[in-house]
Amino acid sequence: MSSKGIRDFRPRIHFTPQDHWMNDPNGMVYINGTYHFCYQKYPYDTVWGPMHWGHAVTKDLLHWEHLPMALYPDELGYIFSGSSVYDKYNTSGYGTKENSPIISVFTSHNNETGLEQQSIAYSVDGGRHFEKSYLNPVIENPGIPDFRDPKVFWNPVHRCWGLVLAAQDRVYFYGSRDLKRWEKTGEFGPEGNHANGVWECPDLLQIKYEDKVFWILVVSMTKTDEGRWRTQYFIGDFDGDKFICTYPSDEAIWLDDGFDNYAGVTFQNYDVPLLMGWAMNWAYASKVPTNEYCGQATLARSLSICNTKAGYRIAGHAEGLDKFRHMAYPVSSGAHLMTETFGLRIKGEGNGKIRLSNSDGQRLEIEVAEDIITVNRAIAGYREFDEQFMTPECSIVSSKRLKEGNWDLEVIFDVSVLEVFADGGLNMVTMVVFPDTPYDTIRWKGKLEVSLFEIS
Ligand code: FRU
């Protein structure tokens, strides 16, 4: 049986391309109330192909306006992942004093040779139109196969621009005064890393905690031991030249325990780290049963630091939803769901199990026990589109709790995307599911208080 063509799985508040393929979020920058969101796009099919940068904007992080394509492939190659910054003081000289440019830094990937180098483009009309620089490539390949995904950030130590990019099993750091001439300043890895895979899509961000500032290095890892693509992070410091992991761990620390959150990076020029990932997994991305489009982004999550029994850890909070959260009303087990896009706020004591189900007998389950949270999509919907998607390894995830005792959950469900934030966001689980008919009932076991809010 196939759901392809039968049902519209398009989420309503998660970003999706109007049509065709998307993967990583790119070039995310906040300017005067507008969030710019670019993304890896292949505009001619629902599978990966020669990469472009698609572009959309939003003011509320939930409703999106599609803009014309930002970047097209050129003689240097496909346009792979990268970032954008708001060059307010026109350090690049591509704008004017009155008209600050947006500068995008991306990987030019030559598909014949595999050669990867970094290039730049600029926009002087608020991101409507991008022009590539004649200086490209601005960072040449040093002779290695994987050398990509530049993320630019402000370096407060040397008061210049910083850049981190992925280079096989580590990251490289660069510095620049004008976003055009870059000098390598340091490396991090592979020491201290406990996960397999090639490093991709790094981000270096600061999070304030009490009177401390933590620097967090986020890195996405291809095909980890569990056979899935995941994002990890390291906690430490930045000396102006490189990241230093000052809180080493004996095992990888993952940002999200679900199957579907990859390549996440943060918005530049925003007060707090605000991260969006690709809510999909390379393992089965090209086969999912959506019709005219393929792939979506996660909700934007603000990141903070918590001191837990396992040490400092990141907690995430879904942004843009407060006005709906304020309208939450209590529900009892067996309640009917009137919409496919809603949030649940749950307080629990002891073990608890929450189930969303539909009239086809399909159900998505979230279980909280003393020290573990489990999310199970094994019989949550249509899954025959891909063999790996059907395996138990791809159906059930466990997320270790970092708190003891009473717990809280925020569950955001949006047609075919589930995002779970447990214990104040210390546990995050993102999963896609394809229920043949909408979930229409919520039931639970355990001592739970549940309220529901609709999101539109
Ligand atoms: C991550 C990634 C990046 C690359 C892009 C290509 O998902 O592999 O490393 O730039 O996708 O589309």
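The values are calculated or read from the model by the stated rules, or taken from the named source; none is laboratory data. No experiment lies behind these values; they were computed from the predicted model shown. Heads up, the Cβs are rebuilt from the backbone with ideal geometry, glycines too, and the neighbour counts pull from every protein chain shown. Surface accessibility is based on the protein's heavy atoms, side chains included, excluding ligands, DNA and RNA. Shrake-Rupley method; radii C 1.70, N 1.55, O 1.52, S 1.80 Å.
Does Asn193 satisfy being in a loop (DSSP other than H, G, I, E, B), farther than 27 Å from His55 by Cβ, away from the ligand (no atom under 15 Å from the Cβ) and out of contact with any His (no Cβ under 9 Å at 6 or more places or on another chain)?
yes
When the residues of region 220-232 are filtered to those that are within 16 Å of the ligand (Cβ to nearest atom) and surrounded by fewer than 19 Cβ atoms within 10 Å (Cβ to Cβ), which remaining residue is farthest from the chain's Cα centre (by Cα)?
Filtering region 220-232 for residues that are within 16 Å of the ligand (Cβ to nearest atom) and surrounded by fewer than 19 Cβ atoms within 10 Å (Cβ to Cβ), the one farthest from the chain's Cα centre (by Cα) comes out as Gly227.
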Exercise for the section: Answer yes or no: is there a residue in region 198-219 that is surrounded by fewer than 22 Cβ atoms within 10 Å (Cβ to Cβ), under 19 Å from the mean Cα position of the chain (by Cα) and among the hydroxyl-bearing types (Ser, Thr, Tyr). Expected result: no
Completion exercise
Scanning region 91-107 residue by residue, the ones that are within 16 Å of the ligand (Cβ to nearest atom) and at positive phi total 0
Fill in the blank from the handout: Those residues of region 294-306 that are farther than 20 Å from Tyr30 by Cβ and within 16 Å of the ligand (Cβ to nearest atom) come to a total of 3
Practice task
Tell me, yes or no, whether region 35-53 has at least one residue that is exposed (fewer than 15 other Cβ atoms within 10 Å of the Cβ), without any contact (Cβ under 8 Å) to a residue 24 or more places away in the chain and within 15 Å of the ligand (Cβ to nearest atom).
Solution key: no
Practice task
Could you please find all residues in region 359-374 being surrounded by fewer than 16 Cβ atoms within 10 Å (Cβ to Cβ) and under 27 Å from Phe9 (Cβ atoms)?
Solution key: Ser359, Asp360, Gly361
Practice task
Tell me which residues, restricted to region 268-286, are away from the ligand (no atom under 16 Å from the Cβ) and either modelled with pLDDT under 95 or open to solvent by 10 Å² or more (accessible area, probe 1.4 Å) (or both).
Solution key: Gln268, Asn269, Tyr270, Asp271, Val272, Pro273
Completion exercise
Being of a type outside the set (Val, Ile, Thr) and more than 14 Å from the ligand (Cβ to nearest atom) narrows Asp241, Asp203 down to just Asp241
Handout entry: Of residues in region 444-456 being in a strand (DSSP E or B) and under 24 Å from the mean Cα position of the chain (by Cα), the one surrounded by the most Cβ atoms within 10 Å (Cβ to Cβ)
Key = Phe453
Exercise for the section: With respect to Gly143, determine if the residue is in contact (Cβ under 8 Å) with a residue 60 or more places away in the chain and open to solvent by 30 Å² or more (accessible area, probe 1.4 Å). Expected result: no
Completion exercise
When region 57-90 is checked residue by residue, the ones that are at positive phi and exposed (fewer than 14 other Cβ atoms within 10 Å of the Cβ) are none
Completion exercise
Among strands (runs of 3 or more DSSP E) completely within region 246-343, the ones holding 1 or more residues that are under 16 Å from the mean Cα position of the chain (by Cα) are 262-266, 274-278, 301-308, 311-318
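Residues are listed down the side, and each one gets a yes or a no for (1) assigned to a loop (DSSP other than H, G, I, E, B); (2) away from the ligand (no atom under 16 Å from the Cβ); (3) modelled with pLDDT of 95 or more; (4) not assigned by TED's automatic domain parsing to the domain that holds Asp237:
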{"site": "Ala121", "(1), (2), (3), (4)": "no, no, yes, no"}
{"site": "Asp149", "(1), (2), (3), (4)": "no, no, yes, no"}
{"site": "Val157", "(1), (2), (3), (4)": "yes, yes, yes, no"}
{"site": "Gly197", "(1), (2), (3), (4)": "yes, no, no, no"}
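Of everything in region 168-190, what is open to solvent by less than 40 Å² (accessible area, probe 1.4 Å) and assigned to a strand (DSSP E or B)? Give them in sequence order.
The answer is Val171, Tyr172, Phe173, Tyr174, Gly175, Ser176, Gly186, Phe188.
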Practice task
Would you check which residues across region 91-117 are surrounded by 24 or more Cβ atoms within 10 Å (Cβ to Cβ) and closer than 11 Å to Leu179 by Cβ and list them?
Solution key: Pro101, Ile102, Ile103, Ser104, Val105
